[in-house]
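Visitor: For reference, the structure I am asking about is given below.
FYI, it's all coordinate maths here, none of it is from the lab. Bear in mind the structure is a predicted one, so any value in this text is a computation, not a measurement. Note: ideal-geometry Cβ built from the backbone for every residue, glycine included; neighbour counts use all protein chains shown.
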Amino acid sequence: MKVVFEDEVLDLEGGISVRELLISLDVDSDRYIVLKDKKMADLDSFLDDGSEVLIIKAVVGG
C-alpha cells in the first residue's frame, strides 16, 4: 500500500488495520486523521495492498 506521512511516501505491505499502521509508525491516533482511498478511515479499517493512505496532523484551535 502507498502511505503518505509528513512529506514522505512509504510503500508498505497491506493486511493490517489503521490502528496497527499508526502503532508501527509510532503515530498518536489522537493527533492525526487517516484517509483511506480519499475517505476518512477509523482505527479498525482494514488496509490492503492496493490502499492509498494519507496521514494528516489534526489542527485544533480557534
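Visitor: If S29 meets every condition in (1) surrounded by 10 or more Cβ atoms within 10 Å (Cβ to Cβ); (2) of a type in the set (G, A, S); (3) in contact (Cβ under 8 Å) with a residue 40 or more places away in the chain apart from one, which number is that one?
Guide: Result: S29 fails condition (3) only.
Visitor: Here is a further query. Among all residue pairs at least 6 apart or on different chains, which show Cβ distances below 6 Å where the first residue, located in region 43-62, is among the polar types (S, T, N, Q) and the second is crowded, with 16+ Cβ neighbours inside 10 Å?
Guide: S45/V18; S45/K36; S51/M1; S51/K36
Visitor: For the chain, give me every one of the strands (runs of 3 or more DSSP E) that falls completely inside it and has 2 or more residues that are among the β-branched types (V, I, T).
Guide: So the answer is 2-5, 32-36, 52-57.
Visitor: Whether any residue in region 18-25 is more than 11 Å from the chain's Cα centre (by Cα) and surrounded by 10 or more Cβ atoms within 10 Å (Cβ to Cβ) is what I want to check.
Guide: No, every residue in region 18-25 fails to be more than 11 Å from the chain's Cα centre (by Cα) and surrounded by 10 or more Cβ atoms within 10 Å (Cβ to Cβ).
Visitor: In region 1-23, what residues are farther than 29 Å from G61 by Cβ and not aliphatic (A, V, I, L, M)?
Guide: K2, D11, E13, G14, G15, S17, E20
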